[in-house]
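See below for the structure under consideration.
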């Protein structure tokens, strides 16, 4: 019986090291297009240069590592080569001066995730950043949603950004939160970013390594929906200390959030807690509460995640208009106190 | 001045044909990892086999086609090779018996898109499919959201699917709608699909070509959020007749939806109309209406799209519970009549 998953394969390949760069082929982003079907594994091993002298040895090592997994009958390794841009990124440390990353000192990195779209990841990220900066922390927000970035609009900041000898300087909000988002690099906020996965991943890596964040106590990473390139890159390339999982009451949403929980578990990133957003609507005139999106399923998500429900945020009509006006920093939500306490303990 | 975009580059590469397969390198999915920066274009040309005899000619043709574009100063072409699975897919017609696609006759393909997550794409897709089948059409739904699939749950259908000599047989809903979704292929609905872009794209192509849809009047394609791999693959590989764009009142959401409009325009897919979901909440007891997510911005999206606002759907608490119970086919929404009329005219 085949009990091996693609994440088992990636974990096995993590032990295959490039003999020259002394880093694993997974960390070097050399493994591409991995597929697993009926005991047959196929992937491309993308070398730094096509004529790489270690190519046969690397392919043989990779094949052997995967072949040893239970249920794997066949392993097909195709050799490829990196684009010049990719090669430069991988070899960056070797033939380029140190980039911004060398000047950054970031104590804790927290990913805000959901799997599902439209549940309020960016809203919660913005509210938490605001609460943390009010509590005296140095805070940054890395908007990892490259095709649907919301962070600049929530904080009312715009590009263009400035460069310095340390790299790209992030935007700074009214309260002093450092912000990086693709929308700060576009001429128009509604410009579409029509990129396939590898470019999405590269942009996120640059937001981490080429941005001069300086000294931060907390960097919050706002993830896009899904469990594909962006989430994989954040979890595999950034030193994530923990994930906050955002859900809404609807059962349909929580099913997709449970997939995100399983992904975090598959890549061994700890889940700090669950936050339920859109938890009912209280009519401002009558004070009556309506469960617009049905009864809560947050406890089921929390049980699967092995983490507590840290907050439940009801829908507030005023917040949508403050967010649309770029004034999220004026919102104070005491329901998030337990989340802030958990982040302080981290 | 550099006025060339990545979509211009792809259009230029569409004219570069593989001399043996008589199809363009774009249609053959040979162009990967395209990047454009300051007049320098880089991409990988993935050949069917590494030792392809046309490799130098193809690379030269591709370079020349891109070099001719305004503002392009340098073109870097890296050569790579397909995995065996990819090669089989591309050569499918040559050394395999005809797949399901040869037995399918699908009159109209409509993509339901938004760019933004959680605005109700799947809900609208399900409601439209229901209304169409009630009007006597043969209807299918292709769930192109591989990492966050909602369609099976809405219709209360489960896998496993059956194969036949024509390919994979889709699931069939109570009213007779043919359904295909990754969640019908998973053992557990909450299993995470942790795939990078190329596998996402391949799955969508298989949902189109390897599923025995048979004769359909309308196939609705439910897109995931974003303007990356899934959206690109649907718009470039499937014969889309038009796009329905879903938005919500919040300005923040509509900004991301406008990006999706720009993407559809960039790849020349016509936008049929705009549907606004979550357009206010009417309290069931008092009948009072609350603009929970702020005032509408649908008209601005429609103006950019050059298409009409076809429907505005208020929030209905009963619908969330019917959807969670897999009974979307019991929902009747007369607000969608104008959308159905537009689809009938298509």
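The values are calculated or read from the model by the stated rules, or taken from the named source; none is laboratory data. Note that this is a predicted model, so its numbers are computed, not measured. Note that each Cβ is placed from the backbone with ideal geometry, even for glycine, and that neighbours are counted across all protein chains shown.
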Only one of these is more than 20 Å from residue B:146 (Cβ to Cβ) and either free of Cβ contacts under 8 Å to residues at least 40 places away in the same chain or touching a strand residue (DSSP E or B) at 6+ places or on another chain (Cβ under 7 Å) (or both): B:271, B:246, B:240. Name it. B:271
I want to confirm something. Restricting to region A:314-346 and keeping residues that are touching a strand residue (DSSP E or B) at 6+ places or on another chain (Cβ under 6 Å) and away from chain B (no Cβ under 14 Å), which single residue is surrounded by the most Cβ atoms within 10 Å (Cβ to Cβ)? A:339
Restricted to region A:261-290 and to residues being part of a loop (DSSP other than H, G, I, E, B) and touching a helix residue (DSSP H, G or I) at 6+ places or on another chain (Cβ under 7 Å), the residue farthest from residue A:229 (Cα to Cα) is A:284
Quick one: in region A:291-313, which of the residues that are under 18 Å from residue B:317 (Cα atoms) and surrounded by fewer than 18 Cβ atoms within 10 Å (Cβ to Cβ) is farthest from the other protein chains (Cβ to nearest Cβ)? A:295
Every residue from region B:31-75 that is exposed (fewer than 15 other Cβ atoms within 10 Å of the Cβ), at pLDDT 90 or above and touching a strand residue (DSSP E or B) at 6+ places or on another chain (Cβ under 7 Å): B:67, B:73, B:74
Could you pull out every one of the helices (runs of 4 or more DSSP H) wholly within region B:297-346 that has 3 or more residues that are over 23 Å from residue B:137 (Cα atoms) and assigned by TED's automatic domain parsing to the domain that holds residue B:158? B:298-305, B:317-324
Leading residue by the ranking (surrounded by the most Cβ atoms within 10 Å (Cβ to Cβ)) among those in region A:200-222 that are within 11 Å of chain B (Cβ to nearest Cβ) and closer than 30 Å to residue B:300 by Cα: A:200
In region B:28-41, how many residues are at negative phi, part of a loop (DSSP other than H, G, I, E, B) and free of Cβ contacts under 8 Å to residues at least 60 places away in the same chain? 1
Just to confirm my filter: which helices (runs of 4 or more DSSP H) fall fully inside region B:42-149 and include at least 1 residues that are outside the structural domain of residue B:327 (by TED's automatic domain parsing)? B:55-67, B:84-95
For region A:314-336, how many residues meet the condition of being within 21 Å of residue A:243 (Cα to Cα) and more than 22 Å from the chain's Cα centre (by Cα)? 3
Taking strands (runs of 3 or more DSSP E) that fall entirely within region A:158-260, which contain at least 2 residues that are more than 28 Å from residue B:199 (Cβ to Cβ)? A:178-180, A:215-222
Scope region B:281-290; condition touching a residue at least 12 places away in the same chain (Cβ under 8 Å) and surrounded by 16 or more Cβ atoms within 10 Å (Cβ to Cβ); matching residues: B:281
Name the pairs whose Cβ atoms lie under 6 Å apart, with the first residue in region B:184-196 and more than 7 Å from chain A (Cβ to nearest Cβ), the second surrounded by 20 or more Cβ atoms within 10 Å (Cβ to Cβ) and at pLDDT 95 or above, and 6 or more positions between them or separate chains? B:184/B:152; B:184/B:171
If you check residue A:154 against the conditions, is it modelled with pLDDT under 95, over 17 Å from residue A:104 (Cβ atoms) and in a helix (DSSP H, G or I)? no
Of the residues in region A:157-169, those that are surrounded by 15 or more Cβ atoms within 10 Å (Cβ to Cβ) and touching a helix residue (DSSP H, G or I) at 6+ places or on another chain (Cβ under 8 Å) come to A:157, A:159, A:161, A:166, A:167, A:168
When residue A:287 is run through (1) more than 22 Å from the chain's Cα centre (by Cα); (2) facing chain B (nearest Cβ under 7 Å), the failure sits at (2)
Quick one: would you say residue A:19 is in contact with a strand residue (DSSP E or B) (Cβ under 8 Å, 6 or more places away or on another chain), at pLDDT below 80 and not in a helix (DSSP H, G or I)? no
Any residue at all in region A:131-147 that is under 21 Å from residue A:315 (Cβ atoms), within 11 Å of chain B (Cβ to nearest Cβ) and in contact with a helix residue (DSSP H, G or I) (Cβ under 8 Å, 6 or more places away or on another chain)? no
So residue A:90 fits all but one of (1) within 24 Å of residue B:41 (Cβ to Cβ); (2) modelled with pLDDT of 85 or more; (3) under 26 Å from the mean Cα position of the chain (by Cα); what number is the exception? (2)
Which one of A:263, A:235, A:278, A:255 is without any contact (Cβ under 8 Å) to a residue 24 or more places away in the chain and within 12 Å of chain B (Cβ to nearest Cβ)? A:255
